[in-house]
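The values are calculated or read from the model by the stated rules, or taken from the named source; none is laboratory data. Quick caveat: nothing in here was measured; it's all calculated off a predicted structure. With ideal geometry, Cβ positions are generated from the backbone for all residues, glycine too; neighbour counts draw on all protein chains shown.
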Amino acid sequence: MSRVTDVLNSQHIELPSWAFANSGTRFKVFPQAGVPRDPYEKVADAAQVHKYTGVAPTVALHIPWDKTDDYADLARYAKDQGVALGTINSNVFQDNDYMLGSVTNPDQQIRRKATEHLLECVDIMDQTGSRDLKLWFSDGINYPGQDDIRERQDRLAEALKTVYERLGDHQRMLLEYKLFEPAFYATDVPDWGTAYAHTLALGERAVVCVDTGHHAPGTNIEMIVAVLLRAGKLGAFDFNSRFYADDDLMVGAADPFQLFRILFEVLRGGGLEADTEIAFMLDQCHNIEPKIPGQIRSVMNVQEATAKALLVDRDALAAAQKAGDVLGANAVFMDAYNTDVRPLLADLRADKGLDPDPMAAYQRSGYAEQIVKDRVGGTQAGWGA
Ligand code: PSV
Ligand code: MN
Ligand code: MN
């Protein structure tokens, strides 16, 4: 059991700053009282999640949603709150200039503008001490013939190379892929294979980010995880849940079994070791539920799936696999999944001096009521802004 608790104790889940701000669908953003008005307040809210779960010590920023004059000061503030700043997420998808693409745009000047933004994000990483730059491109085309698919790949490669060369020795580039949306006919980085090919060409500090919500229904994500890990190219997760498209719902909500299968492959590939370089991030928006509890619940969902993955009897599984015992192997797997790990996690929290029930502890704390009193006019996350 101690190996299980050791891994769970060393687990680190990164929170997205945008989860704490108002967000919604393209149809409507329902504002909530007390949401953060600036990056400092987002960091303060993220620190609450860490305070009650003990496993979420970093918060990812999104530029320009979290633009501020002094990032070193924001980093100091985060430290005072008991957390640190994490991944810098770039944004080349909300400017009118990017209608036909950012780094793959046919217009060289617009490509330059987008690349400059990415370089600015690396400057910010230098100030925040962040290791990772996350790149997600909305680039693509809606109609066959609209632009040259192959040339767009060349333009993408050129921009990525420029940014890669600007990274410091300890910094990494995470390239995220997404099946579709907002481009519908051909997205420039639509799948793990395209992301893998680009990161391979760049070098070892370019790795792939698997956003669990960015696949076609029925995709075997754990298989992708296994292949990328084996190739040394799995850099990060953006965890969330989807029923239909890029829903950004709470991780483990739609399909907790899938999350367990993914985390088992991470474990199998050595990605849960204490020195893991995989960044386990959430990428979620809480549109109708309260945000801080939504993040707490999500962190707990990842912990539960991880605990179940750790409970798989690997020896028994290997023996059954070797013997060709199909049902026996499957039963070993399902036994772990069907174990109630909540008491184990409650004990683990108590051992650390935390409340065994983070949701209840947060509700009791009065923080939710306090921010409603203190904060007037919270901001949107950036979606639809
Ligand atoms: C858009 O699909 C997206 O959800 C990507 O997953 C990014 O990681 C995130 O927004 C923040 O830019
Ligand atoms: Mn994402
Ligand atoms: Mn997404």
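Figures for the structure shown
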| read-out | value |
| --- | --- |
| Condition broken by residue 160, with the remaining ones in (1) within 19 Å of residue 91 (Cβ to Cβ); (2) surrounded by fewer than 23 Cβ atoms within 10 Å (Cβ to Cβ); (3) more than 16 Å from ligand 2 (Cβ to nearest atom); (4) touching a residue at least 40 places away in the same chain (Cβ under 8 Å) satisfied | (2) |
| The lone exception for residue 59 - which of (1) in contact with a Leu (Cβ under 9 Å, 6 or more places away or on another chain); (2) within 16 Å of ligand 1 (Cβ to nearest atom); (3) at pLDDT below 95 it fails | (3) |
| From 212, 219, 199, residue being without any contact (Cβ under 8 Å) to a residue 60 or more places away in the chain, over 15 Å from the mean Cα position of the chain (by Cα) and under 22 Å from residue 91 (Cβ atoms) | 199 |
| Qualifying positions in the range 346-372 - among the basic types (Lys, Arg) and in contact (Cβ under 8 Å) with a residue 24 or more places away in the chain | 349, 352 |
| Selected residue [acidic (Asp, Glu), away from ligand 1 (no atom under 16 Å from the Cβ) and within 26 Å of residue 361 (Cα to Cα)] from 289, 273, 204, 222 | 289 |
| Restricting the range 352-374 to residues that are outside any helix (DSSP H, G or I) and more than 27 Å from the chain's Cα centre (by Cα), the residue that is farthest from residue 44 (Cα to Cα) | 353 |
| Among the residues listed as 243, 257, the single one being under 24 Å from residue 335 (Cβ atoms), more than 15 Å from ligand 2 (Cβ to nearest atom) and surrounded by fewer than 18 Cβ atoms within 10 Å (Cβ to Cβ) | 257 |
| Where residue 238 falls short, out of the listed (1) within 16 Å of ligand 3 (Cβ to nearest atom); (2) acidic (Asp, Glu); (3) in a loop (DSSP other than H, G, I, E, B) | (3) |
| Hits in the range 207-240 (condition: within 11 Å of ligand 2 (Cβ to nearest atom) and within 20 Å of residue 12 (Cβ to Cβ)) | 209, 210, 211, 212, 236, 237, 238, 239, 240 |
| Condition met for residue 154 (under 30 Å from residue 83 (Cβ atoms), away from ligand 1 (no atom under 16 Å from the Cβ) and part of a helix (DSSP H, G or I)) | no |
| Residues being in a helix (DSSP H, G or I), buried (at least 18 other Cβ atoms within 10 Å of the Cβ) and hydrophobic (A, V, I, L, M, F, W, C) - total across the range 202-228 | 6 |
| Any hit, the range 178-187, residues being of a type in the set (A, V, I, L, M, F, W, C), away from ligand 1 (no atom under 12 Å from the Cβ), surrounded by fewer than 15 Cβ atoms within 10 Å (Cβ to Cβ) and touching a residue at least 12 places away in the same chain (Cβ under 8 Å) | yes |
| Scope the range 312-354; condition within 25 Å of residue 280 (Cβ to Cβ), surrounded by fewer than 19 Cβ atoms within 10 Å (Cβ to Cβ) and aliphatic (A, V, I, L, M); matching residues | 334, 346, 350, 354 |
| Out of 281, 300, sole residue that is within 16 Å of ligand 1 (Cβ to nearest atom), crowded, with 17+ Cβ neighbours inside 10 Å and closer than 28 Å to residue 47 by Cα | 281 |
